[in-house]
1. Leaving out ligands, DNA and RNA, what percent of the accessible area of the chain is carbon and sulfur, probe 1.4 Å?
2. Quick one: what are the phi-derived ³J(HN,Hα) couplings along region 71-83, Karplus 6.51/-1.76/1.60 with θ = phi - 60°, whole Hz, x for glycine and proline?
3. Counting DSSP beta bridges with both partners in region 13-110, what percentage is antiparallel, nearest 5?
4. Mind grabbing the accessible area of Arg68 for me, 1.4 Å probe, Å², rounded to tens?
5. Strictly greater than 19 Å: what percent of every Cα pair in region 54-118 meets that?
6. Per residue of the chain, what 222 nm ellipticity follows from adding -39500 (n - 2.57) for every DSSP H run with n ≥ 4, rounded to the nearest 500?
7. Find the accessible area per residue for the chain; the probe is 1.4 Å, ligands and nucleic acids are left out, and the unit is Å².
8. Just tell me which lysines come within less than 26 Å, Cα to Cα, of Lys112; anything on the same chain fewer than 8 places away is out.
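The values are calculated or read from the model by the stated rules, or taken from the named source; none is laboratory data. Because the structure is predicted, anything quoted here is derived from the model rather than measured. Areas reflect the complete protein model, heavy atoms only, side chains present, ligands, DNA and RNA absent. Shrake-Rupley method; radii C 1.70, N 1.55, O 1.52, S 1.80 Å.
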Amino acid sequence: MRAKEAGKIGEIGLSEMSATTIRRAHTVHPIAAVQSEYSIWVRNPEIAVLDTCGDLGIGFVAFSPVGRGFLAGAVSDDSYAPGDIRATMPRFVEPNLSSNLELFERYALLAKQTECTRAQLALGWLLSRRPFVILIPGTRNIAHLDENLQAAEISLTSESIDDIFAAKNVKGARYPPVAQAQIDTELTSVEEQHLSIDQEQGNFGELVVAA
């Protein structure tokens with residue numbers, strides 16, 4: 001707040017925060033936007049954050065809208081390059097990845113039936129959720145940028161799109177326990193179970209930055 005009063009920033013935003021924290025912060029100073037990971041296979045904001053943003057008039061910024069490349073078909077195994085953050089994330093490595101790739105095959109078929117690319121289907125789905133949701137897909141490729149922009153024209157008619165990556169189907173937590181401890185966003189009941197298993201097995205993982 002002092003940074004805004006000093007004219008150093010225009011607005012105040014939060015990243016990966018729970019509904020409770022957002023409401024507490026908003027009473028101190030109006031929050032302009034909340035950033036959290038949100039995609040077809042990361043639905044945590046739907047637990048409480050999206051409703052809170054809607055109630056308080058806060059914009060919501062969805063990062064990793066194509067699931068860190070997974071929903072665009074960029075992941076086929078867990079042979080990641082050194083330093084790739086996905087190597088620390090339970091759902092991106094075995095024994096969970098193979099099961100998740102089976103879900104991806106169903107998703108890829110649905111994209112084909114919808115006559116769009118996998119990335120476009122992921123972005124189009126997000127654009128259909130709430131009017132205040134803003135997407136920030138990252139790309140270094142102009143062709144991919146053009147592809148992403150066309151997602152706004154997709155008409156989603158399939159009722160099965162939500163079901164493919166339902167929380168009960170996705171294997172593995174979003175973050176390992178040591179990283180999850182740094183994040184305030186609400187967990188699904190399935191994620192809580194995954195984290196409990198990882199802790200019991202000693203799979204604490206590495207500390208990673210959420211955004």
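1. On the way: 5590 of 11070 Å².
Of all accessible area on the chain, carbon and sulfur atoms account for 51 percent.
2. For region 71-83, the Karplus-derived couplings read 6, 9, x, 7, 10, 10, 7, 9, 8, 7, 5, x, x Hz, x marking Gly and Pro.
3. Values: 1 of 9 bridges.
Percentage antiparallel, nearest 5: 10.
4. Using a 1.4 Å probe on the heavy atoms, I get roughly 50 Å².
5. On the way: 898 of 2080 pairs.
Value for region 54-118: 43 percent of Cα pairs lie more than 19 Å apart.
6. Working: 9 runs with 79 residues, N = 211.
Helix contribution divided over all residues of the chain: -10500 deg cm²/dmol.
7. Value returned for the chain: 52 Å² of accessible area per residue.
8. Cross-link targets: Lys168, Lys171.
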